[in-house]
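Report on one structure; see the data block that follows.
The values are calculated or read from the model by the stated rules, or taken from the named source; none is laboratory data. As the structure is a prediction and not an experimental result, all values here were calculated from the model. All Cβ positions, glycine included, derive from the backbone under ideal geometry; neighbour counts span all protein chains shown. Side chains are part of the model used for accessible areas, which takes the heavy atoms of the whole protein and leaves out ligands, DNA and RNA. Shrake-Rupley method; radii C 1.70, N 1.55, O 1.52, S 1.80 Å.
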Amino acid sequence: MSIKVGVIGAGGMAQYHIAGFKQAGAEIVAIADLNETAARAAAKLYGVEKAYGSIETMFEELPELDAVTIIVPNKFHAPLAIQALEAGKHVFCEKPPAIDAAGVQQMKDAAEKAGKTLMFNFNNRARPESFAMKAYAEDGTIGRINSAQAKWIRRTGIPGFGGWFTNKDLAGGGPLIDLLHMVDLAMYLMDYPEPAYVLGQTFSDFIDDKNFKGPWGIPDSGGPTNVEAAAHGFVTFKSGQTLNLQVSWAELVKREEVSVVFQGTDAGGKIERLFGTDGLDETSIDSCELYTQEGGNSVNRSIVTEACEDMGRSRSAANFIYTIVGEEKPLNTPDQALSLMKVIDALYESAKSGKPVAC
């Protein structure tokens, strides 16, 4: 019997979630959105039979739902996930897990109490390059990763002005919380060590400059634009490992770059995506490499994988279904999400205080 899924939120990411769920054999039963017109339009677009203007109605009319996916502004991730878990549903939630670590802790507690699966769309873990590099990390090829550098930088990538992305109350922050993928991927390859201290700074240059608007996001509106445009930081872990991070929507760089570079005891490596045009996946160039010393020579090895334009978005959703039915192990856990959000919380706090912050 296939897993029956309800989609909460009619935004653009639904296309990837739905594709991944179908790939894994799940049945998409309904789409719910506070904007019922948007829910009906999305249901028609994706061939889903039912559409609702509230999740309460969806849960009441469709008690057979096994799982939901949450695709809404960040502020509502935790409350909707908790509501769904308490209703006995497995939950797949868009990133970030919540707007802060406290919200993730509440989600984790609710999942444990309900005995249900809670996962997050850290989709870059599901890229072919990441599967390959993680295998090298697990088989001993890389050794212990001592340090890593995580980067998602954009030159012109502000996702609209005055919409929920730039509203701190709704989003929790700017690019640091929105583009957390490479921080997560670096920590994942490092085997998610426990963070000790974070030192960081945020920058608001260009956040009101429409010359730095990107080709994605939502239309400009009259809401606030009160988040950072860029964040830089340094994380130390209790294991002795370290991580540098740089994330930005608007920063004077050559072009959009998405990468994790690391230095291990037996090999270094890099997973990278470069963009011809900021925000447009179809203009991207992917690479994956290992760096070793062999016979007294410096050797760089190119890891060839299948192309994956959507950066693992559909494959990540498929893993959620495969996890529920016991065919795969989860690519991420609530404990890891909590650790990641503690790092993000600490960087924002460090930016305010100008001092290192303990996690």
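Odds and ends about this structure:
- Restricting segment 305-315 to residues that are small (Gly, Ala, Ser) and not in a helix (DSSP H, G or I), the residue that is nearest to residue 149 (Cα to Cα): 312
- Meeting the requirement of 1 or more residues that are over 23 Å from residue 167 (Cβ atoms) and under 25 Å from the mean Cα position of the chain (by Cα), the helices (runs of 4 or more DSSP H) wholly within segment 30-89 are 36-46, 77-86.
- Residue count, segment 301-334 (criterion: exposed (fewer than 15 other Cβ atoms within 10 Å of the Cβ) and under 24 Å from residue 231 (Cβ atoms)): 0
- The single condition from (1) at pLDDT 95 or above; (2) open to solvent by 10 Å² or more (accessible area, probe 1.4 Å); (3) within 17 Å of the chain's Cα centre (by Cα) that residue 183 fails is (2).
- Residues considered: 3, 55, 8. Of these, the only one that is in contact (Cβ under 8 Å) with a residue 40 or more places away in the chain, in contact with a Gly (Cβ under 8 Å, 6 or more places away or on another chain) and surrounded by 21 or more Cβ atoms within 10 Å (Cβ to Cβ) is 55.
- Odd one out for residue 33 among (1) under 30 Å from residue 173 (Cβ atoms); (2) without any contact (Cβ under 8 Å) to a residue 12 or more places away in the chain: (2)
- Checking residue 253 against (1) within 19 Å of residue 157 (Cβ to Cβ); (2) of a type in the set (A, V, I, L, M, F, W, C); (3) more than 21 Å from the chain's Cα centre (by Cα); (4) open to solvent by less than 10 Å² (accessible area, probe 1.4 Å), the condition it does not meet: (4)
- Residue list for segment 90-106, filter: open to solvent by less than 40 Å² (accessible area, probe 1.4 Å) and either in a strand (DSSP E or B) or out of contact with any Leu (no Cβ under 9 Å at 6 or more places or on another chain) (or both): 90, 91, 92, 93, 94, 98, 103
- Of residues in segment 108-165 being of a type in the set (Lys, Arg), free of Cβ contacts under 8 Å to residues at least 60 places away in the same chain and open to solvent by 30 Å² or more (accessible area, probe 1.4 Å), the one nearest to residue 254 (Cα to Cα): 116
- So residue 192, is it in contact (Cβ under 8 Å) with a residue 12 or more places away in the chain, at negative phi, buried (at least 16 other Cβ atoms within 10 Å of the Cβ) and under 22 Å from the mean Cα position of the chain (by Cα): no
- Near pairs, Cβ below 7 angstrom, 6+ apart or cross-chain, from segment 337-352 (under 16 Å from residue 192 (Cβ atoms)) to any residue that is among the charged types (D, E, K, R): 338/108; 339/194; 340/184; 341/100
- Which listed residue, of 250, 267, is among the small types (Gly, Ala, Ser) and within 30 Å of residue 213 (Cβ to Cβ): 250
- Flag if residue 291 is crowded, with 16+ Cβ neighbours inside 10 Å, touching an Asp or Glu at 6+ places or on another chain (Cβ under 8 Å) and touching a residue at least 24 places away in the same chain (Cβ under 8 Å): no
- Hits in segment 261-288 - residues which are acidic (Asp, Glu), open to solvent by 30 Å² or more (accessible area, probe 1.4 Å) and modelled with pLDDT under 95: 282
- Scanning segment 290-328 for residues that are closer than 15 Å to residue 268 by Cβ, β-branched (Val, Ile, Thr) and in contact with a Gly (Cβ under 9 Å, 6 or more places away or on another chain) yields a total of 2.
- Answer residue from segment 195-215, given it is open to solvent by less than 50 Å² (accessible area, probe 1.4 Å), at pLDDT 95 or above and among the small types (Gly, Ala, Ser) and is farthest from residue 143 (Cα to Cα) among those: 200
- Selection from segment 272-304 of residues that are over 17 Å from residue 125 (Cα atoms), among the hydrophobic types (A, V, I, L, M, F, W, C) and either part of a loop (DSSP other than H, G, I, E, B) or in contact with a Lys or Arg (Cβ under 8 Å, 6 or more places away or on another chain) (or both): 274, 275, 280, 285, 290
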